[in-house]
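Below: the structure, in structure tokens.
The values are calculated or read from the model by the stated rules, or taken from the named source; none is laboratory data. No experiment lies behind these values; they were computed from the predicted model shown. Cβ placement follows ideal geometry from the backbone for every residue including glycine, while neighbour counts extend to all protein chains displayed. Ligands, DNA and RNA are excluded from the accessible area calculation, which covers all protein heavy atoms including side chains. Shrake-Rupley method; radii C 1.70, N 1.55, O 1.52, S 1.80 Å.
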Amino acid sequence: MILPTTKPDMSNYIKSIEDALNGVLWHDDNATVDIHGKKRYAETGYLTVEIKQIEV
């Protein structure tokens, strides 16, 4: 499997999502405690976001 190592950086995708959800899903993205990400080649670009609340 050939993995994409070109721009844009996956960290830029993640930060954009976190910032977009500030004040919508959470007060501030500093509440994020765990992130799993994968960047792959695809014929049609897409992004999937799954949010789960954890019990403490």
In the chain, what percent of the accessible surface is made up of carbon and sulfur (1.4 Å probe, ligands and nucleic acids excluded)? 55 percent
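Could you sort D29, D34, D19 by their accessible area in this structure, using a 1.4 Å probe and putting the largest first?
These residues rank, largest area first, as D34, D19, D29.
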Report the Rg/Rh value for the chain, based on alpha-carbon coordinates and the Kirkwood definition of Rh. 1.01
Name the residue farthest towards the positive end of the dipole of the range 1-53 from the options M1, L25, L47, assuming +1 on Cβ of Lys and Arg, -1 on Cβ of Asp and Glu, about the Cα centre. M1
Hey, which lysines would be in cross-link range of K7, C-alpha to C-alpha under 19 Å, not counting anything within fewer than 8 residues on its own chain? K15, K38, K39
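Only loop residues by DSSP count here, and only those with at most 11 other Cβ atoms within 10 Å; note down the trypsin sites (Lys or Arg not before Pro) in the chain that meet that. Don't skip to the answer; put the middle values down first.
Details: sites: K15, K38, K39, R40, K52; in loops: K38, K39, R40, K52.
Those satisfying the criteria are K38, R40, K52.
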Test item: Cα-centred dipole of the chain, Lys/Arg +1 and Asp/Glu -1 on Cβ, debye: 320 debye
Leaving ligands and nucleic acids out of the surface, order T6, T48 by accessible area at 1.4 Å, largest first. T48, T6
